[in-house]
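The values are calculated or read from the model by the stated rules, or taken from the named source; none is laboratory data. Being a predicted model, the structure only gives us computed values, none of them experimental. Quick reminder, even Gly has a Cβ in these numbers, built from the backbone with ideal geometry, and neighbours come from all protein chains shown. Each accessible area value is taken on the protein alone, full model and side chains, heavy atoms only, with ligands, DNA and RNA left out. Shrake-Rupley method; radii C 1.70, N 1.55, O 1.52, S 1.80 Å.
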Protein chains: 2
Amino acid sequence: MSGVVVLAGGVGGARFLRGVREAERRRENPRPITAIVNTGDDAWLAGLRITPDLDSVMYTLAGVNDETRGWGRVGESERVSGELRSYGVGWPWFTLGDLDLGTHIARTSWLREGVPLSGVVERLLERWDIGIRMLPTTDDEVETHIELEDGSLMHFQEWWTRHRAALPAKRFVSVGVESARPAPGVLEAIIDADVIMIATSNPVVSIGTILDIPFVRETLESMTVKAPVVGVSPIIAGAAVRGMADACLRTIGVETSAAAVARHYGLRSEGGLLDAWLVDTADEDDLEELAELGFITGSRPLLLSSVEESADIVDAALALVHR
Amino acid sequence: MSGVVVLAGGVGGARFLRGVREAERRRENPRPITAIVNTGDDAWLAGLRITPDLDSVMYTLAGVNDETRGWGRVGESERVSGELRSYGVGWPWFTLGDLDLGTHIARTSWLREGVPLSGVVERLLERWDIGIRMLPTTDDEVETHIELEDGSLMHFQEWWTRHRAALPAKRFVSVGVESARPAPGVLEAIIDADVIMIATSNPVVSIGTILDIPFVRETLESMTVKAPVVGVSPIIAGAAVRGMADACLRTIGVETSAAAVARHYGLRSEGGLLDAWLVDTADEDDLEELAELGFITGSRPLLLSSVEESADIVDAALALVHR
């Protein structure tokens with residue numbers, strides 16, 4: 001069995017995974033952990049391949065992330081970025097830190113040599129001891145774009161980072177998704193999992209883009225996969241905990257509520273994703289509706305503050321399906 | 001007419017060009033200056049295209065070079081390099097400074113977009129006001145390699161920077177030279193020049209690699225080119241001023257002396273390169289031999305110390321052919 005398998009996005013997913021790792025460490029028999037990480041935010045920038053979500057998970061679990069800023073490396077500087085701006089190269093609104101650039105240059109160098117992204121991740125992790133197995137969802141370049149109201153496409157990073165998700169979006173498009181395949185190990189991990197967790201990541205542009213890679217959703221929703229699937233709500237008190245998930249939910253016509261996100265993921269026994277769904281104490285009003293629909297549910301405070309607290313949240317989620 | 005055309009390598013060539021620029025500034029009617037710069041030292045490193053000689057000229061003429069260290073940018077740091085070393089990417093013995101990396105990333109980004117190297121140089125120079133026209137010798141990738149005694153090939157940078165030219169070399173090989181062509185503007189500059197100068201650069205791996213690009217030597221040595229060709233000796237008192245030029249000269253069987261380098265370049269009227277050759281006062285013993293061979297000669301102290309002194313040296317060289 002492949003232990004605990006977690007679908008995760010970037011910063012929120014990284015904090016959640018830190019909790020999963022701590023929860024397993026506290027167990028008598030810790031299980032292996034596999035993170036299947038979103039690659040829809042990836043982009044070519046200044047000739048370099050950037051993979052923000054993979055990096056956020058890697059840096060956070062390696063303990064070299066910037067807790068204060070919330071993203072990137074601690075002790076970061078921006079000397080190279082200043083140069084790139086002077087040459088008019090890259091996106092002036094997207095900062096490439098010096099330490100972070102070391103990762104981007106190494107990654108791009110290996111990709112250009114023909115190493116697939118999953119192989120690149122393995123090589124990067126030879127340096128960092130993160131205690132879990134991390135897989136990109138796909139080795140193929142599938143980048144999330146936003147279709148704006150005039151019908152034009154904009155890369156997710158531009159919409160999210162430059163425009164703070166303020167431009168009205170008609171829909172999200174995963175460019176290249178049709179011919180994409182899951183990275184080696186992804187389907188195997190799902191099939192062999194003891195339990196599958198959906199992290200408190202953006203349900204649309206993090207978890208949604210993972211599910212949209214061909215064969216991922218199909219495999220997760222297959223009733224031949226024995227592992228229960230439990231999600232933890234990224235919505236607290238009817239609002240997105242991190243970032244601008246409400247703008248993403250609005251675009252796909254889903255209300256920003258704990259119950260609405262669970263309904264969006266769907267109930268496993270009815271062809272959806274989830275067996276169980278943990279909500280915040282502030283959203284206890286949603287529990288009755290969810291229980292009626294058939295979800296195994298529970299509630300507790302869900303703010304991923306300390307590592308200990310994150311592990312407690314993970315334990316509470318696991319308890320829903322381990323009963 | 002295209003004014004003063006200078007064949008130049010890296011650091012030594014950059015100092016020489018600073019003298020040429022100052023010498024022209026002091027004239028009543030300054031002429032345009034075109035530098036044809038060696039690209040044989042170029043390399044792919046960590047997925048980035050590095051062009052050390054072009055950068056040395058650019059940084060030095062822009063006044064942002066590190067005078068103390070002798071190469072690279074002033075105020076340089078090495079944060080990214082530390083990361084690359086941790087990932088095992090690049091050459092641990094070849095430092096990529098942070099500020100310098102900005103240039104490499106910009107260059108590589110444009111090259112990957114299909115911009116030729118000469119176009120990349122133009123774009124880089126939109127940032128830096130260097131007061132001269134700088135051309136790469138070729139847009140093609142022609143990299144100098146060393147054939148070692150066991151017959152294996154080693155990139156020039158590894159031989160030069162890692163092994164300090166201490167490994168016995170059988171010969172130099174310009175990999176890819178057969179199909180290379182001069183960059184746009186190179187032959188035109190030579191054909192239209194008022195005067196052509198050979199900088200005090202390495203006669204083998206800087207000037208020699210320029211001359212070896214097809215049509216460059218042929219055009220320079222053509223008697224239909226009207227401009228006189230004057231060189232300034234990189235050998236002072238029978239020793240290389242900079243670096244390890246003696247190891248290069250030894251490899252091609254040329255003695256490390258001012259006269260021997262002039263004979264190696266050859267006399268223009270006899271199918272060679274030079275009309276005139278300026279030597280250091282310490283090498284005045286060579287003058288008689290050179291005069292007998294037909295070279296226009298002169299001597300003066302040749303150490304490129306200050307900009308003023310460099311300009312005086314350039315003036316003295318120009319005076320040989322302007323008489």
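General observations
- Unmet criterion (only one of (1) surrounded by 18 or more Cβ atoms within 10 Å (Cβ to Cβ); (2) more than 18 Å from A:Arg79 (Cα to Cα)) for B:Arg107: (2)
- Of residues in segment B:60-78 being away from chain A (no Cβ under 12 Å) and touching a Gly at 6+ places or on another chain (Cβ under 8 Å), the one most open to solvent (accessible area, probe 1.4 Å): B:Trp71
- Filtered residue count, segment A:101-120, keeping only those that are in contact (Cβ under 8 Å) with a residue 60 or more places away in the chain, away from chain B (no Cβ under 12 Å) and in a helix (DSSP H, G or I): 2
- Looking at A:Ser305, A:Ser310, A:Ser299, just one residue is under 23 Å from A:Val11 (Cα atoms) and touching a residue at least 40 places away in the same chain (Cβ under 8 Å), and that residue is A:Ser310.
- Against the test of being touching a His at 6+ places or on another chain (Cβ under 6 Å), open to solvent by 20 Å² or more (accessible area, probe 1.4 Å), of a type outside the set (Phe, Trp, Tyr) and farther than 30 Å from B:Ala193 by Cβ, the options B:Leu167, B:Leu153 yield a single qualifying residue, B:Leu153.
- Scanning segment B:183-206 for residues that are of a type in the set (A, V, I, L, M), open to solvent by less than 20 Å² (accessible area, probe 1.4 Å) and touching a helix residue (DSSP H, G or I) at 6+ places or on another chain (Cβ under 8 Å) yields B:Ala183, B:Val186, B:Ile190, B:Val195, B:Ile196, B:Met197, B:Ile198, B:Ala199, B:Val204, B:Val205.
- Residue satisfying all of: in segment B:123-153; within 11 Å of B:Arg171 (Cα to Cα), without any contact (Cβ under 8 Å) to a residue 24 or more places away in the chain and not in a loop (DSSP other than H, G, I, E, B); nearest to the other protein chains (Cβ to nearest Cβ) among these: B:Leu153
- Of all residues making up segment B:265-288, the number that are more than 17 Å from B:Met197 (Cβ to Cβ) and either open to solvent by 70 Å² or more (accessible area, probe 1.4 Å) or β-branched (Val, Ile, Thr) (or both): 6
- Residue in segment B:28-37 that is free of Cβ contacts under 8 Å to residues at least 24 places away in the same chain, over 22 Å from A:Ser109 (Cα atoms) and either part of a helix (DSSP H, G or I) or in contact with a Gly (Cβ under 9 Å, 6 or more places away or on another chain) (or both) present: yes
- Extreme residue, nearest to the other protein chains (Cβ to nearest Cβ), among residues of segment B:43-58 that are part of a loop (DSSP other than H, G, I, E, B) and open to solvent by 10 Å² or more (accessible area, probe 1.4 Å): B:Gly47
- In this structure, B:Tyr87 does not satisfy being buried (at least 20 other Cβ atoms within 10 Å of the Cβ), touching a strand residue (DSSP E or B) at 6+ places or on another chain (Cβ under 7 Å), among the aromatic types (Phe, Trp, Tyr) and within 14 Å of chain A (Cβ to nearest Cβ).
- Selected residue (criterion: most open to solvent (accessible area, probe 1.4 Å)) from residues of segment B:294-316 that are farther than 12 Å from B:Val232 by Cα and in a loop (DSSP other than H, G, I, E, B): B:Ser305
- Among the residues here, A:Gly40 does not qualify as open to solvent by 20 Å² or more (accessible area, probe 1.4 Å) and part of a loop (DSSP other than H, G, I, E, B).
- A:Ser81 meets each of the listed conditions (1) open to solvent by less than 10 Å² (accessible area, probe 1.4 Å); (2) within 17 Å of A:Val57 (Cβ to Cβ); (3) polar (S, T, N, Q) apart from (2).
- Of all residues in segment B:129-142, those that are open to solvent by 30 Å² or more (accessible area, probe 1.4 Å) and modelled with pLDDT of 95 or more total 5.
- Top-ranked residue in segment B:214-248 [being under 23 Å from B:Val173 (Cβ atoms) and crowded, with 24+ Cβ neighbours inside 10 Å; ranked as modelled with the lowest pLDDT]: B:Ala245
- If you filter segment A:90-100 down to residues that are open to solvent by 20 Å² or more (accessible area, probe 1.4 Å) and at the interface with another protein chain (Cβ under 9 Å from one of its Cβ atoms), you find that the one that is farthest from A:Asp53 (Cα to Cα) is A:Gly90.
- Within segment A:218-244, residues that are hydroxyl-bearing (Ser, Thr, Tyr) have Cβ atoms under 7 Å from residues that are in a strand (DSSP E or B) in these pairs: A:Ser233/A:Trp277; A:Ser233/A:Leu278; A:Ser233/A:Val279, counting only partners at least 6 apart in sequence or on another chain.
- Given (1) over 30 Å from B:Ala189 (Cα atoms); (2) open to solvent by 30 Å² or more (accessible area, probe 1.4 Å); (3) not small (Gly, Ala, Ser), number of the condition B:Glu126 does not satisfy: (1)
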